[in-house]
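Chemist: Pasting in a structure now, in structure tokens, and then I'll have a few things to ask.
The values are calculated or read from the model by the stated rules, or taken from the named source; none is laboratory data. All values derive from a computational prediction rather than experimental measurement. Counting neighbours? That spans all protein chains shown, and the Cβs are built from the backbone with ideal geometry, glycine included. Just so you know, the surface numbers come from the protein's heavy atoms only, side chains and all, with ligands and any DNA or RNA stripped out. Shrake-Rupley method; radii C 1.70, N 1.55, O 1.52, S 1.80 Å.
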2 protein chains.
Amino acid sequence: MAAMWQCQEVTSASTAGAVRQGSLRELNLAVVLRRIAAADRPPSRAGIAADTGLTRATVSAVVDDLIAGRLVAEAEPEPRTGAGRPARGLVLASDGPAGLGLEVNVDYLAACVVDLTGAVRHHLVRRADLRPASPADALARLAALAAEARAAAVRDGLTLAGAALAVPGLVGDGGLVRLAPNLGWRDVDVPALLAGHPLAEPVDGIPPLVVDNEANLAALGELYAGPAGPRSFLHVTGEIGIGAGIVLDGALYRGARGWSGEIGHFPVQPQGRPCRCGGQGCLERYAGQEAILAAAGLPGAELPADTAATRLADLAEAGDPATLAALTDAGTALGVAVAGVVNLLDLDTVVLGGGYARLAPWLRPTVEAEVSRRVLTAAWAPVTVRPAVLGAQSAAVGGAGSVVRRIVDRPVGWLARTT
Amino acid sequence: MAAMWQCQEVTSASTAGAVRQGSLRELNLAVVLRRIAAADRPPSRAGIAADTGLTRATVSAVVDDLIAGRLVAEAEPEPRTGAGRPARGLVLASDGPAGLGLEVNVDYLAACVVDLTGAVRHHLVRRADLRPASPADALARLAALAAEARAAAVRDGLTLAGAALAVPGLVGDGGLVRLAPNLGWRDVDVPALLAGHPLAEPVDGIPPLVVDNEANLAALGELYAGPAGPRSFLHVTGEIGIGAGIVLDGALYRGARGWSGEIGHFPVQPQGRPCRCGGQGCLERYAGQEAILAAAGLPGAELPADTAATRLADLAEAGDPATLAALTDAGTALGVAVAGVVNLLDLDTVVLGGGYARLAPWLRPTVEAEVSRRVLTAAWAPVTVRPAVLGAQSAAVGGAGSVVRRIVDRPVGWLARTT
DNA sequence: CCATTTAATTCAACCGCTGAACAAATCGCG
DNA sequence: CGCGATTTGTTCAGCGGTTGAATTAAATGG
């Protein structure tokens, strides 16, 4: 029950559980819907039947359910192909359920609405320094922004099916934020602080809000962004701390306790600079925002993350030698860590996100150099290093995407709700 | 098709594929069989029904199929509990299918037979220096050993359902060993070299032999060894090279291309000793067998892995200061790497296997020290470091276990074969 | 205009789960 | 010793959902 507050993908109902009579329909609804979602052009019922091995009769029945539940729509203009009755293309509905993605960060609040097709329908950002604000105050402001986004979604005829909140910190069970150092949060019980707000009112016993680490949700955002993207990759988010979202075989890997991705404390210099974690030579001390700013000769200012990346990028573009050197050093440290991870996990793609997305032009060459030097299999299996396509805002989009993805993976949950 | 040669677990038939009418039975056979396999005492039909949510009638029908297929047997002596008709306990059959595990290593060949219950029924080891032998010669000797093991299994009334071969190197598709440096193998096509031998003759289109990396299979061995063991752990195999098998959520993680686990080139000292991989300061150069032997003042002898670990253990037990210092240094380097991995993947257990199993008494304290110092969450989520329960021979046992595990995960494959 | 082709629907048949009733086996209690 | 209580396992009619073939729908091409 507590785990429900944590965002988690539904891989398959049958992995562990028994398969009852009704599960048959439940599973086939998911199979057909996933096929429609994954197709690059609107597939026909007959095509789905041929691909999946189901009968055309079954697919028709399943599709009828999906259309009745506003998850699928028929695409009117179908591409002509040859002789025979023309197929009627099936697409994900763009007026059915949608997901609400929220983000609290050091210097902004964000809310976005993503529909079933993955399109970002609305995106609201409020810039504000949230460090002085209390958690209750920050969440109240976030709730107001969420209400605004919800109103916009309703105007579009969308129904919000749930929400996901991205937080820059460790999240435990029950939506409890154990520690968000840069926000100054510790043991903040988000659902309790939102009590009374619609976001916190369970519908059918399912809380509409999940709370998750921003690096995890940002990685999901990248995963959903490209339909044909890599299925295993590392998404590194560079802010004051450095976090990583790990996607393996198309699923976010959370770790035994949900605390995976702490790449910031990867030892890049075991006898090096001491770190607040108690170790020495952690990546964060070489490629974290503060380290880069310091090396670039900028005052150890309390710059918001976004501003810091922009400032560094401006200086780098202007050719400032200190900044360029700082970025080279940071890229080298990052490359050492990334190479270690790639050696261990055999990933083919590394995504630079958060502040790193903006700095990718300068970080990428050094990271790639370290990777190709240190990764054993790099010679005959190249590793791609690229900036995040969603940029710094991918956490909110990824959160919203995770909501709709859950519907695609288990449509029965949504269908049971409406009927 | 090529992937068939690679050992891979079957998570669930429905994860991707459609669910047809017959899949219902297929899935429920797996559900019931898994439940019997995972139970700590022989469960009854009624108990399984209560646990899974299936009807007693359904469970009975499914169990009948399983018994007819020699996968399950009724345990005669059932523990008395109270009033009511006594339950008839169900156990995995110990006279049905079995798996054959094979291993080629630098200084020995091994074959073992594991039955459905996970019991090691036979275990044959031939010590021999295989580096001078050609791959064809080594495989011929292995085939002879396999035939011996098969004969022993047949005498027990067991039916070999497949075989898995553990190799200390990178394995590609189609059973091709791309590189096994310590054996001196390069691009060795195992199925081709075994042509004509029963091991290489496909049955029902399924090749009976899969080839896999020894670190991967050893990790699987540890996974299967403890029924209540950890579901996510790192299994580090210390030999001349250092490999790791990564088990996440109860499944072996292979990486995007099947080459995960190269922890030997984790950068523990980025500006440190150059490594044959082209990088610098790789773990292998500090905690590999050669490095430890050199630090202990032993000649850079071409010792077999097993002998080297034994020699070092003997010296350490005798209190030899150079050896103790060497093991401390190696443990520190290993601990740095392990801490990095645990930070990244949030694992709760690290298993020391291969040669490290023998050296665990001396390595463990330093590894644990580095882990607790460097792992962020170590304070409130302890990490267990322990030697492999199967010791150095876990790869063959794990390979055999993976064969029977595949049957438990998808019993239809076996049942369809016999009927 | 009609044969051809492909898409989607309809419908009887069938597979396998469901639920309840029934038979089997043991314990408790008088 | 006998009988009710209790739990296990089986039998069987019922039913949900897929199957496969026949049918209708809608377009192309000669």
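Chemist: 5 Å is the cut-off here: which amide hydrogens, built 1.01 Å from N in the peptide plane, fall below it relative to B:Tyr253, excluding neighbours closer than 5 in sequence?
Modeler: B:Ile246, B:Val247, B:Leu248
Chemist: Let me ask you something else. Cβ neighbours within 10 Å, averaged per peptide: list A:166-178, B:35-47 in order, most packed at the top. Show your work: numbers first, answer last.
Modeler: Details: A:166-178: 21.3, B:35-47: 17.4.
Peptide ranking by packing, descending: A:166-178, B:35-47.
Chemist: While we're on this one: Within a Cβ distance under 14 Å of B:Ala143, other residues only, what is the Lys/Arg minus Asp/Glu net charge?
Modeler: -1
Chemist: Shifting gears a bit: Read phi for every residue in the range B:46-62 and hand back ³J(HN,Hα) as whole Hz from Karplus 6.51 cos²θ - 1.76 cosθ + 1.60, θ = phi - 60°, with x for Gly and Pro.
Modeler: So the Karplus estimates, Gly and Pro as x, are 5, x, 4, 4, 5, 5, 8, x, 6, 7, 4, 4, 5, 4, 4, 4, 5 Hz.
Chemist: On to the next question. Could you work out how far apart the two model spin labels at A:Arg178 and A:Ala46 are, taking each label as a point 7 Å from the Cα in the direction of the beta carbon, and quote it in nm?
Modeler: 5.6
Chemist: Turning to a different aspect of this structure: Could you check the simple spin-label distance between A:Arg273 and A:Arg20, using points 7 Å along Cα→Cβ, in nm with one decimal?
Modeler: Here the modelled spin labels are 5.8 nm apart.
Chemist: Net charge within 13 Å of A:Val188 by Cβ-Cβ distance, Lys/Arg positive one each and Asp/Glu negative one each, not counting A:Val188 itself? If you can, show how the numbers build up before the last one.
Modeler: Details: positive: A:Arg178, A:Arg186; negative: A:Asp137, A:Asp187, A:Asp189.
Overall, the nearby charge balance is -1.
Chemist: Label position 7 Å from Cα toward Cβ: report the copy-to-copy distances for A:Thr159 in nm, one decimal, ordered from shortest.
Modeler: 5.1
Chemist: Would you compute, from DSSP H runs of 4+ residues alone, the mean residue ellipticity of chain A at 222 nm, taking -39500 (n - 2.57) per run and dividing by the full residue count, rounded to the nearest 500?
Modeler: Numbers: 13 runs with 169 residues, N = 419.
One gets -13000 deg cm²/dmol as the mean residue ellipticity at 222 nm.
Chemist: Kindly identify the range A:24-77 as rounded, prolate or oblate by the Cα gyration tensor criterion: order the square roots of the eigenvalues as a ≥ b ≥ c, call it rounded if a/c is under 1.5, otherwise compare a/b with b/c, prolate if a/b is larger, else oblate.
Modeler: Values: a/c = 1.45, a/b = 1.13, b/c = 1.28.
It is rounded, given that a/c, with a ≥ b ≥ c, falls under 1.5.
Chemist: Also, quick follow-up: Rounded to the nearest Å, what's the spacing between the alpha carbon centres of the range B:368-419 and the range A:246-301? Just the number, please.
Modeler: 29
Chemist: Another one. Let me confirm one metric for peptide B:51-60, namely the mean number of other chain beta-carbon atoms within 10 Å of its residues' beta-carbons.
Modeler: Numbers: counts 1, 5, 5, 4, 3, 0, 0, 4, 1, 0.
Taking the mean over all residues of the peptide, I get 2.
Chemist: Also: Using a 7 Å offset from Cα along the direction of the beta-carbon, what are the separations from B:Gly272 to the same position in each other copy, nm, ascending?
Modeler: In nanometres, ordered from closest: 1.4.
Chemist: Points 7 angstrom from Cα along the Cβ direction at B:Asp314 and B:Ala147: gap in nanometres?
Modeler: My value for the distance between the label points is 3.6 nm.
Chemist: Kindly write out, for the range A:156-173 in residue order, the coupling ³J(HN,Hα) from the Karplus curve 6.51 cos²θ - 1.76 cosθ + 1.60 (θ = phi - 60°), rounded to whole Hz, with x marking Gly and Pro.
Modeler: Residue by residue, the range A:156-173 yields 7, x, 8, 10, 6, 9, x, 9, 10, 10, 9, 10, x, x, 7, 10, x, 5 Hz.
Chemist: Find how many whole Å separate the alpha carbon centroid of the range A:23-95 from the alpha carbon centroid of the range A:213-241.
Modeler: What the calculation gives is 29 Å, centre to centre.
Chemist: Can I ask one more? From the label point of A:Arg34, set 7 Å from Cα along Cα→Cβ, how far away are the matching label points in the other copies, in nm, ordered shortest to longest?
Modeler: Once sorted, the set of distances for A:Arg34 reads 1.4 nm.
Chemist: Subtract the Cα-Cα distance of B:Thr307 and B:Ala192 from 0.36 nm times their separation in residues, and report this length gain in nm to one decimal. Present the calculation step by step, with values, prior to reporting the outcome.
Modeler: Working: separation 115, 0.36 × 115 = 41.40 nm, distance 3.21 nm.
Going from the current span to full extension adds 38.2 nm.
Chemist: When a/c reaches 1.5 or more, the comparison of a/b and b/c decides; with that in mind, is the range A:228-347 rounded, prolate or oblate per its Cα gyration tensor? Don't jump to the answer; show the numbers that get you there.
Modeler: Numbers: a/c = 1.96, a/b = 1.54, b/c = 1.28.
Prolate, because a/c is 1.5 or more and a/b exceeds b/c.
Chemist: Under a 5 Å amide H to amide H cut-off, with H placed in plane at 1.01 Å, what residues pair with B:Val210 once short-range neighbours are removed?
Modeler: Under 5 Å from the amide H of B:Val210: B:Ala163, B:Ala164, B:Leu165.
Chemist: With 28 Å as the cut-off, how large is the P(r) tail for chain B, expressed as percent of Cα-Cα pairs?
Modeler: Values: 44294 of 87571 pairs.
Here the tail beyond 28 Å accounts for 51 percent of pairs.
Chemist: Quick one: grab the alpha carbon gyration tensor of the protein assembly as shown, order the square roots of its eigenvalues as a ≥ b ≥ c, and give me rounded if a/c is under 1.5, else prolate or oblate depending on whether a/b is larger than b/c. Numbers along the way, then the final one.
Modeler: Details: a/c = 1.75, a/b = 1.10, b/c = 1.59.
Cα axes put the protein assembly as shown in the oblate bin.
Chemist: Quote the charge dipole size of the range B:227-388 about the Cα centre in Debye, to the nearest 20; the model charges only the Cβ of Lys and Arg (+1) and of Asp and Glu (-1). Numbers along the way, then the final one.
Modeler: Working: 12 positive and 15 negative charges, 71 e Å.
In total the dipole reaches around 340 debye.
Chemist: Rounded to whole Hz and in sequence order, give me ³J(HN,Hα) for the range A:92-98 from the Karplus expression 6.51 cos²θ - 1.76 cosθ + 1.60, θ = phi - 60°, writing x for Gly and Pro.
Modeler: Rounded to whole hertz, the list is 5, 5, 9, 10, x, x, 9.
Chemist: Count charges around B:Val371 for me, please; just the other residues with Cβ under 14 Å from its Cβ, Lys/Arg as +1, Asp/Glu as -1. It would help to have the intermediate numbers written out before the result.
Modeler: Numbers: positive: B:Arg364, B:Arg373, B:Arg374, B:Arg386; negative: A:Glu262, B:Asp346, B:Asp348, B:Glu368, B:Glu370.
Around B:Val371, the charge tally is -1.
Chemist: Quantify how strongly other chains surround peptide A:252-264 by giving the mean number of their Cβ atoms within 10 Å of each of its Cβ atoms.
Modeler: Numbers: counts 0, 7, 5, 12, 15, 7, 2, 7, 8, 4, 9, 3, 2.
Per residue, the average neighbour count from other chains is 6.
Chemist: Test of understanding: what is the full-extension gain from B:Arg85 to B:Arg34, defined as 0.36 nm times their sequence separation minus their Cα-Cα distance?
Modeler: Numbers: separation 51, 0.36 × 51 = 18.36 nm, distance 2.50 nm.
Using 0.36 nm per residue and subtracting the Cα-Cα distance, I get 15.9 nm.
Chemist: Here is a follow-up. Find the Cα radius of gyration of the range B:288-419, compare it with 2.2 N^0.38 Å by division, and give the number to two decimals.
Modeler: Details: Rg = 18.7 Å, N = 132, 2.2 N^0.38 = 14.1 Å.
Dividing the Cα radius of gyration by 2.2 N^0.38 Å gives 1.33.
Chemist: Report the B-A buried area as the accessible area lost on both sides summed, probe 1.4 Å, in Å² to the nearest 100.
Modeler: Values: alone 18810 and 18790 Å², together 32230 Å².
Result for this pair: about 5400 Å² buried.
Chemist: Could you work out how much longer the chain between A:Asp107 and A:Arg131 gets when fully extended? Use 0.36 nm per residue separation minus the Cα distance between them, nm to one decimal. Display every interim value, and only then the final one.
Modeler: Details: separation 24, 0.36 × 24 = 8.64 nm, distance 0.78 nm.
Gain on stretching A:Asp107 to A:Arg131: 7.9 nm.
Chemist: Still on this structure, I have one more. Measuring from the lowest to the highest alpha carbon on each principal axis, how far does the range B:135-286 reach, largest first, in angstroms?
Modeler: 56, 39, 25
Chemist: I would also like to ask the following. Solvent-accessible area per residue for the range B:227-388 at a 1.4 Å probe radius, Å²?
Modeler: Details: 5450 Å² over 162 residues.
Value returned for the range B:227-388: 34 Å² of accessible area per residue.
Chemist: Carbon and sulfur together cover what percent of the accessible area of chain B at a 1.4 Å probe radius?
Modeler: Numbers: 8600 of 16120 Å².
Percent of accessible area from carbon and sulfur atoms in chain B: 53.
Chemist: Long-range amide H contacts for B:Thr384: which residues qualify at under 5 Å (H placed 1.01 Å from N, peptide plane, sequence gap of 5 or more or a different chain)?
Modeler: It is B:Thr349, B:Val350, by chain and number.
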